[in-house]
Amino acid sequence: VAVVTHQGAPASPSAVTVAQRLADLRARIAASGGDVDAVRIVAVTKGFPASAVADAAGVGLLDVGENYARPLLDKIAALGAAGDGLAADVRWHFLGAVQRNKVARLAPHVALWQGVDRVAAGEEIARRAPGATVLVQVNLTGEPGRNGCSWVDAPATVDALRRLDLDVAGLMGVASRHRTEAAAQFARLRELRDALGVRELSIGMTDDLDLAVAAGATMVRAGRALFGARPGAAEVRR
């Protein structure tokens, strides 16, 4: 696999591996009935070093997701220190629950807030980044303690965020680990997306993206599928 870095130099071995995994990921998307040119892949670098962002960018993946504020800001700083302009090109997706006290620091960098599940969080985003693009996260399983608003509250949350003049682009969700349940949850979220008249459906991660693509995902979030096992941490699903 021929790969070059952001500056045109030969890629590192890790970037070549990411390129090979990306080809496999696109093959999975196609095999699940998805259009590889239409389903956006968000490279989730949670738990990986800043070099993973560079490797993703080296194969054309500029949509990069992080779950927590500090690692996102640290990676931006590391990429900026490298001096190759990459930090400005990455489109950062904030995937975690939005804490209002972190919004001011994140707002200059985040292109898409995927984990908005409370109007209060949207109010802070609107104050710090007027017109920002957001997704409403729905708790697909209904389990207590999981991020996301309830199915019942989702339409009102979308309406309230629209009244804040935010660009409510779509819905996001994390499904059950059980594939039969996950398929049903993805289908239900697609139906809700259609009913609300929004465009994006961010569903599916490394283990269940085939189900998500079959259900109509416009965006999938892949970490291990691109970068392998996370170093020094128990395996997680993102």
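Taking a ≥ b ≥ c as the square roots of the eigenvalues of the Cα gyration tensor, an a/c ratio of 1.5 or more together with a/b no larger than b/c marks region 14-115 as oblate. Its DSSP H runs of at least 4 residues, each contributing -39,500 (n - 2.57), put the calculated 222 nm mean residue ellipticity of the chain at -12500 deg cm²/dmol, to the nearest 500. As a calculated quantity, the FRET efficiency between GLN99 and GLN20 at R0 = 30 Å, using C-beta atoms, amounts to about 0.25.
Of the residues GLY65, GLY34, GLY204, the one that moves most in a GNM of the chain with alpha-carbon contacts below 10 Å is GLY34. Please label the shape of region 139-238 as rounded, prolate or oblate, based on the square roots a ≥ b ≥ c of the eigenvalues of the alpha-carbon gyration tensor (a/c under 1.5 means rounded; beyond that, a/b larger than b/c means prolate, else oblate). Note, shape of region 139-238 comes out prolate. Among the protein heavy atoms of region 49-205, carbon and sulfur supply 49% of the accessible surface, probe 1.4 Å, non-protein parts ignored.
Let a ≥ b ≥ c be the square roots of the eigenvalues of the Cα gyration tensor of region 12-71; is it rounded (a/c under 1.5), or, if not, prolate (a/b larger than b/c) or oblate? It is oblate, given that a/c is not under 1.5 and a/b is not larger than b/c.
Measuring r between the beta carbons of GLU191 and ARG146 and using R0 = 22 Å, the FRET efficiency lands at 0.60. Restricting region 87-195 to trypsin sites (Lys or Arg not before Pro) that sit in a DSSP loop and have at most 16 other Cβ atoms within 10 Å of their own Cβ leaves ARG146, ARG177. Give me the tail of P(r) for the chain as a percent: Cα-Cα pairs with distance above 34 Å. Of all Cα-Cα pairs in the chain, 12 percent lie more than 34 Å apart. The angle between the Cα long axis of helix 69-82 and the longest principal axis of the Cα atoms of the chain comes to about 30 degrees, rounded to the nearest 10. Overall size of region 57-175 from C-alpha positions, given as principal axis extents largest first: 47, 30, 25 Å.
Residues whose amide H lies under 5 Å from that of VAL116, counting only those 5 or more places away or on a different chain, are LEU135, GLN137; hydrogens are built 1.01 Å from N in the peptide plane. Accessible surface area normalised per residue over region 68-203 is 46 Å², counting heavy atoms of protein chains with a 1.4 Å rolling probe.
The values are calculated or read from the model by the stated rules, or taken from the named source; none is laboratory data. A quick note: this is a predicted structure, and the numbers were derived from the prediction, not measured. When we count neighbours, we look across all protein chains shown, and the Cβ atoms used for this are built from the backbone with ideal geometry, even at glycine. Heavy atoms of the whole protein, side chains included, go into the accessibility calculation; ligands, DNA and RNA do not. Shrake-Rupley method; radii C 1.70, N 1.55, O 1.52, S 1.80 Å.
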